[in-house]
């Protein structure tokens, strides 16, 4: 993975984050009969027509592409729940509403592969985009307050995977820049640090060297 292979990078690509999101469970309604599937990630099935079952998102998409099932919309993706979430996000500028960790990736995959299974798909897409924009704006606003807080750590609850992935690279640089311009004494300077004295590795008393 790009985010792990290069030590200078601390982010994953959008494709890598989406790949991790495909392990999230969703509910499908099969239109066929199939024996139990024994996979590395677990056992799923057996499947019967019109009997709902939970499977990983990647398996749901694979069955959907073959016309073997429909995918049920998660409860949090209903127009009513998304509208309430958007309103709550706008009302609270200091906190983030609880959403699935991979809500951005799950919704994107469902829009791409199960559009026909989503009632009011355009409204749902618009609401999710608005929620994402409001949350990103709150993250940016939070970064501006770090200088006044003078904290060496940042704690923000309920961020999603994509939000963390986007924010993580420049949070460290932003904090260091704030400290450098606002409180340079907080930035470690190797030239101003006193030399360290060598310490003995044990408590055994050393004998003086014999003069020649």
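The values are calculated or read from the model by the stated rules, or taken from the named source; none is laboratory data. Not measured: the values here are computed from a predicted model. All Cβ positions, glycine included, derive from the backbone under ideal geometry; neighbour counts span all protein chains shown.
What number goes with the only condition from (1) surrounded by fewer than 15 Cβ atoms within 10 Å (Cβ to Cβ); (2) in a helix (DSSP H, G or I); (3) touching a strand residue (DSSP E or B) at 6+ places or on another chain (Cβ under 9 Å) that residue 49 does not pass?
All conditions are met except number (2).
For segment 11-25, check the following and say yes or no: at least one residue is assigned to a strand (DSSP E or B) and at pLDDT 95 or above.
Pass one, segment 11-25, residues assigned to a strand (DSSP E or B): 25.
From what is left, the residues that are at pLDDT 95 or above are 25.
Checking segment 11-25: at least one residue is assigned to a strand (DSSP E or B) and at pLDDT 95 or above.
Pairs, please: C-beta under 9 Å, at least 6 apart or cross-chain, first residue farther than 19 Å from residue 129 by Cβ and in segment 160-171, second in a helix (DSSP H, G or I) and at pLDDT below 75?
What qualifies is 170/143; 171/143; 171/146.
Check 70, 85 and return the single one that is surrounded by 15 or more Cβ atoms within 10 Å (Cβ to Cβ), in contact (Cβ under 8 Å) with a residue 12 or more places away in the chain and within 23 Å of residue 137 (Cβ to Cβ). Quick ask: steps written out before the conclusion?
Working: 70 fails: within 23 Å of residue 137 (Cβ to Cβ).
After applying the criteria, what remains is 85.
If you check residue 100 against the conditions, is it within 16 Å of the chain's Cα centre (by Cα), under 14 Å from residue 26 (Cα atoms) and surrounded by fewer than 19 Cβ atoms within 10 Å (Cβ to Cβ)? I'd like the intermediate steps shown before the answer.
Working: within 16 Å of the chain's Cα centre (by Cα): yes; under 14 Å from residue 26 (Cα atoms): yes; surrounded by fewer than 19 Cβ atoms within 10 Å (Cβ to Cβ): yes.
Considered against the rule, which asks whether it is within 16 Å of the chain's Cα centre (by Cα), under 14 Å from residue 26 (Cα atoms) and surrounded by fewer than 19 Cβ atoms within 10 Å (Cβ to Cβ), residue 100 comes out as yes.
Can you find even one residue in segment 34-43 that is touching a strand residue (DSSP E or B) at 6+ places or on another chain (Cβ under 7 Å), over 19 Å from residue 106 (Cα atoms), in contact (Cβ under 8 Å) with a residue 12 or more places away in the chain and in a loop (DSSP other than H, G, I, E, B)?
no
Is it true that residue 112 is touching a helix residue (DSSP H, G or I) at 6+ places or on another chain (Cβ under 9 Å), at negative phi and either part of a loop (DSSP other than H, G, I, E, B) or modelled with pLDDT under 95 (or both)?
On the way: touching a helix residue (DSSP H, G or I) at 6+ places or on another chain (Cβ under 9 Å): yes; at negative phi: yes; either part of a loop (DSSP other than H, G, I, E, B) or modelled with pLDDT under 95 (or both): no.
In short, no.
Here are some residues: 129, 163, 140, 105. Which one is loosely packed, with under 12 Cβ neighbours inside 10 Å, closer than 25 Å to residue 16 by Cβ and modelled with pLDDT of 65 or more?
Numbers: 129 fails: loosely packed, with under 12 Cβ neighbours inside 10 Å; 163 fails: loosely packed, with under 12 Cβ neighbours inside 10 Å; 105 fails: loosely packed, with under 12 Cβ neighbours inside 10 Å.
Sole residue among the options that is loosely packed, with under 12 Cβ neighbours inside 10 Å, closer than 25 Å to residue 16 by Cβ and modelled with pLDDT of 65 or more: 140.
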